[in-house]
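What follows is calculated from the coordinates using simple rules that are stated; it is not laboratory data. Computed from a predicted structure; not experimentally measured. Cβ atoms come from the backbone with ideal geometry, glycine included; neighbour counts cover every protein chain shown.
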């Protein structure tokens, strides 16, 4: 259907213009606060690939490919900071504009302010695939929230790009597709179809990375396989599942992350592996399913910062981290507002309480992406749940503004229970 000239820009009016101006100001403020951006070891490696034009799938190549195109503009760190910050605020601003169009002006302001929550302010300034992925997805969902089919089409394009930034980002994409196409599905069907589509997208994304983008295989799956086999051996006591002999497994394995298996204390063992260990990995899971589940749940507990010791990185792998001088700094920098387990709990309660189409799509995307780490997670950092937290935060504000949230007490009590258990567990280590 062709829109008449007078309806072609119907979604632009004085309300959205006001929100747009505020969004621009907030974007500039965010850039000022986080200038000139911060590179990490991962992003520094991707920058080297962007400069050379030779890509590896150790980090999916899409970020390096985009970066390469932007290199002539200005400083490489600055240009990526501007890109991910602009996309992030585009998404937040679009959601705020939708609320303003519905005359929810206070909620629109709250939505804009939500762009400065601690995790958002922290990661918009850190150049990471996780940050870029979240920026692509929040912009994509913001566009998909509008009725205009052209905006929704652009949203799908941005979402498809975001989907390629991480292997497990495929789990965040299907609910965006459902929202953009305005599919009316029950919650059960939405979850089942989203899971099926996500699994189907994994080989597709790998084909794009290798055959279209020409990325070399880095054997990234081996980290997960080694970690799972070590966990199975640790919890079952059966070291025969390991592809190599090892006598000091208790010193090598930790549910905190896989890195100790590649560190000096264990690298002499696992560094000798040359061939694929996929067969050993599958056999180990089938032989000891309970040990595998115990390992995965133990890691997920650490990864979501639930029942863990204070300064957990220094308890589990002190040689690999700079440890804070006081416990207070750890409690502040890793406070309950950042715990992924709290946001996952909130998201589950929200989803079961019944949500509007837009908040539900955001929440399903957040939960599917977050819970994918239950199977594929190998490390423990807040950045892995950046999209989960931003999506649920956005969904909550939108739901309260547009339809209310009658079961907010249940949600609040559930999160409070998580906080109480988590803090009591941490405090128990002090005595």
Quick note on 15, 147, 407, ordering by fewest other C-beta atoms within 10 Å, gives 147, 407, 15
Per GNM of the chain with C-alpha springs under 10 angstrom, the most fluctuating residue out of 64, 145, 417 is 417
Helix 187-207: inclination vs the chain longest Cα principal axis, degrees, rounded to 10, gives 70 degrees
Taking only C-alpha positions in segment 166-232, Rg and Dmax in angstrom work out to 15.4, 45
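For 368, 421, 350, what ranking results if the residue with the fewest other Cβ atoms within 10 Å of its Cβ goes first?
Going from sparsest to densest Cβ surroundings: 421, 368, 350.
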Here, residue 183 and residue 244, labelled 7 Å along Cα→Cβ, have an inter-label distance in nm of 4.4 nm
Of segment 352-383, those with amide N under 17 Å from the point 7 Å along the Cα→Cβ vector of residue 293 are 374-376
Extend 7 Å from the Cα of residue 210 along its Cα-to-C-beta direction; within segment 29-55, residues with backbone N under 19 Å of that point are 54-55
Here, residue 54 and residue 102, labelled 7 Å along Cα→Cβ, have an inter-label distance in nm of 5.2 nm
Here the residues of segment 243-258 lying in the modelled label zone of residue 221, meaning backbone nitrogen under 17 Å from a point 7 Å along Cα-to-Cβ, are 243
Relative to the chain, whose Cα atoms define the longest principal axis, helix 14-34 and its Cα axis are tilted in degrees, nearest 10, by 30 degrees
One quarter of the C-alpha convex hull surface, i.e. the mean projected area of the chain in nm², amounts to 22.8 nm²
With Cα springs under 10 Å, the Gaussian network model of the chain assigns the largest mean-square fluctuation among 219, 162, 37 to 219
For the chain the mean separation of alpha carbon contacts under 8 Å (6+ apart) over residue count, i.e. relative contact order in percent, is 16 percent
Which of 127, 285, 138 fluctuates most in a GNM of the chain (C-alpha springs under 10 Å)? That residue is 285
The residues 198, 175, 428, sorted from fewest to most surrounding Cβ atoms within 10 Å, come out as 428, 198, 175
Pseudo-spin-label distance residue 28 to residue 276, built 7 Å along Cα→Cβ, given in nm, is 5.5 nm
With Cα coordinates, the longest principal axis of the chain makes an angle with the long axis of helix 289-303, in degrees rounded to 10, of 60 degrees
Here FRET efficiency (C-beta to C-beta, residue 259 to residue 196, R₀ 25 Å, nearest 0.05) is 0.15
Under the helix-only model (-39500 (n - 2.57) for each DSSP H run of 4 or more, divided by the residues of the chain), the mean residue ellipticity at 222 nm, to 500 deg cm²/dmol, is -20500 deg cm²/dmol
